[in-house]
1. Which one of these is more than 16 Å from the ligand (Cβ to nearest atom) and not hydroxyl-bearing (Ser, Thr, Tyr): Pro185, Pro219, Pro114?
2. How many residues does region 124-134 contain that are under 35 Å from the mean Cα position of the chain (by Cα) and farther than 15 Å from Lys70 by Cβ?
3. Of (1) more than 16 Å from the ligand (Cβ to nearest atom); (2) buried (at least 19 other Cβ atoms within 10 Å of the Cβ); (3) within 19 Å of Gly264 (Cα to Cα), Thr152 satisfies all except one. Which?
4. Take the conditions acidic (Asp, Glu) and either surrounded by 24 or more Cβ atoms within 10 Å (Cβ to Cβ) or assigned to a loop (DSSP other than H, G, I, E, B) (or both) and apply them to Glu88. Does it pass?
5. I'm checking my understanding of the structure. Among residues of region 34-67 that are closer than 17 Å to Cys196 by Cα and surrounded by 20 or more Cβ atoms within 10 Å (Cβ to Cβ), which one is farthest from the ligand (Cβ to nearest atom)?
6. Within the bounds of region 272-281, is there any residue that is touching a Pro at 6+ places or on another chain (Cβ under 7 Å) and not basic (Lys, Arg)?
7. When region 350-383 is examined, which residues are found to be within 18 Å of Leu604 (Cα to Cα) and out of contact with any helix residue (DSSP H, G or I) (no Cβ under 7 Å at 6 or more places or on another chain)?
8. Determine whether Lys70 is closer than 24 Å to Arg228 by Cα, of a type in the set (D, E, K, R) and within 12 Å of the ligand (Cβ to nearest atom).
Amino acid sequence: MNAPLPPIQKILEGLHAELMENRGGEVATYIPELGKADPEWFGVCLVTADGQVYQVGECGQQFTIQSISKPFVYGIALDDHGKDAVLEKVWMEPSGEAFNAISLRPGTGKPANPMINAGAITSNSMVAGDGVEEVVGRIKQVLGTYAGRELTIDESVYRSESETGHRNRAIGYMLRNFDILEEDPTDCLEAYFMQCAISVNCRDLGMMAATLANGGVNPCTGKRAVSRQHVENILSVMGSCGMYDAAGEWIYNVGMPAKSGVAGGILAVLPGQLGIGVFSPRLDPCGNSVRGIEVCRGISRKFGLHMFQVPQLSTSVLRRVGSLMQTRSSRLRSKAQTRKLKESAGMVRVLELQGDLNFGTAEFAMRQLTEDAAGVRELVLDFAHVTRLDSSATGVLSLAFASWLESGRRISICRCERFPSLREIIEAEASDLSDKAEFFDDMPAALEEVENRILEEAGLRRHSSERVGLECCYLLEGFTVKELEFIRGVLEPVAFPEGSSLMNVGDEPDGMYFLMRGKASAWITTEGGLQRRVATFSPGMNFGEMGLLDDSPRSAEIRADSDLETLKLTKDGLRKMGTDVLATLLANLTRILADRLREANAELSQLHS
Ligand code: GLN
């Protein structure tokens, strides 16, 4: 059986076959060498922003890039001089005129935009480098980074244009007249003709477009071709001026920033998603490839890719909204403590976010901070499942946090290490309230702090440095003083220094421990290799009892977070206990395990997805 054809490939093949019949338009001949192109050549290439390539037709056929070089060279000028210096020389207003119009703004002589020849010749003059060779070498190299391979110049097309490019020379002298070009234009014009004669194929165009879609980094080589900040400027001028006097119609029908060239290429970009390269030499009167326009139209229509298509607001950013009732720390608590935490559950709002946060989704999520918040004092916010946080979302979140803190509340932020700018903004904006905003590596640790505050206020918190007696052990509730004395007799005191490991995953169980003093925690390693703390123990608690019950190897590692004093109950000790003592012990143990299971279930039932 053949593998199923990827759906994108199928659509491209359909469009290609359909448009093959369209023989409208004329091959450009004003550069004589271009007239040699086979009018039937037709290639389509779509590359996703992560580098998946789909291609149909003549995608390897070489042709000259011509005007499609303009946005890329504009990018080099921006990188070399910065936006302000470039805008001093080339403006960004669509001229609505043909590509070769001698269109300079009245008074200053500034070219209307960098996509018409006057603006492009000026961009070329701003590429740093000594002499034609160095400038062109640099352009070739940068365009090669976009394409992901070394590019060369088609010498015969270059010569052909240089011999006949009188109109461009006229533009060059006009620019010199207005001091837009500061030197004799001859060299700059040669460099411009060479830039236009760089030889590419349809696949290169798709890859170059995908590099822009990917924020300036070639998705296949991982190499940066242009600084991220200037991609926005490049796409803006492509959006408003890339298709010359057909720019308005193009954006109306196709809705993607694009650039065409007289050899028959078109390059289109959907930021963050994909790039398209098309090649077919027959042009319409505006100088744009006839089939190229139709293919882009078709792809845009088929997949609904118009950049102004209004996206659906996603409400799935809320993975979980809850209180301490459903989400508790992994710290095991006594009965009285558990009761108190349940009573106070509504004081804590727990919010787990997920997916992409932009202005819309962040605003939606932050509404959870203002709804029914009267009795809420603490916010615990988890970013572990957030995939992206753009700058507008960072702005919305930090404003929401600032007003939450100003109202006298506290906030605990978990797992935001992938979004350092968020932390910086919060720390800067709420600097005087910074003791009220804390950052944590995991959610259980944050919840534990919050719970501790509640218990401390209620006088129900025992400090881990305190030493407790057996009567305080949850597992030994309900025993008489005499029975406890007997039990003490079969337990073995064992001490552990801070940082030591008491047991490891896979160890054979040799007993369980009562923690009498100090703090310990249980850790597991996830399939992805991450260490996760699953429980914290304080004096009065026990661990290692599961192995004693079913004799299976240890399922978690236990670490001493401070110096520990424990009492160990071995299998031998267990055997020494009478049936009455054993029955009570097992009943207590069952209750503790059932409580833990119930808590885990409550937590799971809260997950939105
Ligand atoms: N080299 C061509 C010129 O300047 C580029 C024009 C184009 O591709 N639209 O005339």
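1. The unique qualifying residue is Pro219.
2. Total satisfying the criteria: 1.
3. Every listed condition holds for Thr152 apart from (2).
4. no
5. Ala37
6. Yes, region 272-281 contains at least one residue that is touching a Pro at 6+ places or on another chain (Cβ under 7 Å) and not basic (Lys, Arg).
7. Listed by number, the residues that qualify are Val350, Glu352, Gln354, Leu381, Phe383.
8. yes
The values are calculated or read from the model by the stated rules, or taken from the named source; none is laboratory data. Bear in mind that the values here come from a model prediction, so they are computed numbers and not experimental data. Counting neighbours? That spans all protein chains shown, and the Cβs are built from the backbone with ideal geometry, glycine included.
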